[in-house]
Amino acid sequence: MERYIIKGGKPLVGEVVIGGAKNAALGILAAAVMNDGRCTIDNMPNVRDINVLLHAIEEIGATVDRKGPNEVVISGCGIDPEFLTVDNEYIRKIRAGYYLIGALLGRHKRAKVVLPGGCEIGARPIDQHIKGFRALGAKVVIEQGMIIAEAEELKGSHIYLDVVSVGATINIMIAASMARGNTIIENAAKEPHIVDVANFLNSMGANIKGAGTDVIRIRGVETFHDTEYSIIPDQIEAGTFMMAAAATHGDVIVRNIIPKHMEAISAKLNEIGAEVQESDDAIRVIASHRLKHTQIKTLPYPGFPTDMQPQMAVTLGLSTGTSMIVESIFENRFRYVEELRKMGSNFKILDGNTAIITGVEKYVGADIDAPDLRAGAALVIAGLAADGYTTINQIHFIQRGYERFEEKLRGLGGMIRKVETDEEVNRFIFSSSKKNAD
Ligand code: EPZ
């Protein structure tokens, strides 16, 4: 089984280039099947969730022409509405297959998609998605683990989300883009990836206004035209490398980003004593001394992102004083704490959603398991900051959302390798201890 072996204690130094946003790409690739013409999409992250979705898109008859690891041309013209079932062992493991419901319902007025999987960070219901589809006039039932949505026609509606939901906002926006008349989505999520999906849809000929605010207005259209689109940089990949620089007391320039998207993360790094220098499309993080404690509550954008909570917690676990993190979005997003305790951290979890973090001088390497995507990335940061060696198992979670993760970390001087056998682990330990001796 693939795992990471890490030798910690070395500050990360240098430059890293950030890839396309996974959570924008998933909505964009699904929406592309609504277009019988050609959608050329680049800056697409080459990660497992994306490749699983592209496979599912091909399975329903769309053409997927991979121009390279980060570019694809999609056309929905080959989709046969009679055979619209999205279900296979891979799509069951990811969450974003459900965007195909919005896309197929919007374009073909019917969709049959297996219930979503994804990281076990909470119950993750889809009641708001279903509420939106029904408001547009669809009949939606869940039968034998499949979501089946059908409509004679889709008609614009005024939809008020009971919960600020990224997925529901994107899914309803996609379906409504081909509904007859006007749709308003109130209490919409405002993440950068929602704006990116709206911009992509508009580049195909949709008529969407207000994405990025909590009221999105959509005037439905009948057809889409060819488009060429480049996906925005990944806010969470960028934040992960910024946090890795801070936790390892390094000096890292994170390139190809949109600093505005990073504001909540940059502000917290400043607050705990890291130096954060912004330029047009890059941010430099320098942390030459031990950082300080702070308090955080995860919130929908532009608040502190829940997808950065584990990475921030690992960094605060090494800070002075006592910090507190309240996880307000998901009910089970501290599963990494028991793994981090094996490295010497001092966390107390109250009521399942609050972490009281007493900073320790150092982590000590251990053999640990990644419990989900972002927690896995956070545990890699802990291993890079720790004294000694850390092995991280279940790295398939990390590969869902980070492209060439260990390669990019090695480019910053991180001593990390992806291995499969104990023999490879021993070889890494031998060579890295020799390096130290040299
Ligand atoms: C998206 O998940 C992201 N995934 C998550 O990133 C991210 O953590 C989350 O948004 C919040 O930013 C993708 O984009 C593929 P939500 P999503 O709907 O859409 C509740 C990662 O690491 N809710 O915004 O599933 C839900 O339970 C992943 O890349 C309902 O109650 O998140 C949660 O408490 C992890 N009913 C809250 O809303 C619904 O119908 C926010 O969930 C939908 C959601």
Among A282, F334, T320 the positive-end extreme of the charge dipole of the range 279-344 (Cβ point charges): T320
Of the options A24, L54, I79, report the single residue whose Cα projects farthest towards the positive end of the charge dipole of the range 1-126 (beta-carbon charges: Lys, Arg +1; Asp, Glu -1). A24
Given a 1.4 angstrom probe, what's the average accessible area per residue across the chain, in square angstrom? 39 Å²
How much of the DSSP bridge set in the chain is antiparallel, in percent, rounded to the nearest 5? 70 percent
On alpha-carbon atoms, Rg over Rh for the range 56-197 using Kirkwood Rh? 0.95
Assigned charges on the beta-carbon of Lys, Arg, Asp, Glu; the range 230-285 dipole about Cα centre (debye): 60 debye
Let me have the 222 nm mean residue ellipticity of the chain computed from DSSP H runs of 4+ only, each contributing -39500 (n - 2.57), with the sum over all residues rounded to the nearest 500. -9500 deg cm²/dmol
What part of the accessible area of the chain, given as a whole %, is carbon or sulfur when the probe is 1.4 angstrom? 49 percent
Given the pairs K22/K109; K139/K260; K268/K408; K297/K435; K131/K408, which are separated by over 31 angstrom at their Cα positions? K139/K260; K297/K435; K131/K408
What three numbers, in Å, describe the spread of the alpha carbons of the range 266-351 along their principal axes, ordered from the longest? 40, 30, 18
On the Cα set of the range 37-84, report Rg and Dmax in Å, please. 10.8, 33
Antiparallel DSSP beta bridges within the range 74-224, percent to nearest 5: 70 percent
With the dipole of the range 1-116 worked out from charges on the C-beta (+1 for Lys and Arg, -1 for Asp and Glu) around the Cα centre, which of G14, M34, P69 lies farthest toward the positive end? G14
Ordering of 391-403, 230-242, 203-215 by burial proxy (mean other Cβ atoms within 10 Å per residue, highest first): 230-242, 391-403, 203-215
Using the Cβ atoms and a cut-off under 15 Å, what net charge is assigned to the surroundings of E406, where Lys and Arg are +1 and Asp and Glu are -1? +4
Taking N as the number of residues in the chain, what is its Cα Rg relative to 2.2 N^0.38 Å? 0.99
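The values are calculated or read from the model by the stated rules, or taken from the named source; none is laboratory data. Everything numeric in this text was worked out from a predicted model, so none of it was measured. Using ideal geometry, Cβ is built from the backbone for each residue, glycine included, and neighbour counts are taken over all protein chains shown. Note: accessible area is taken over every heavy atom of the protein model, side chains too, but ligands, DNA and RNA are not part of it. Shrake-Rupley method; radii C 1.70, N 1.55, O 1.52, S 1.80 Å.
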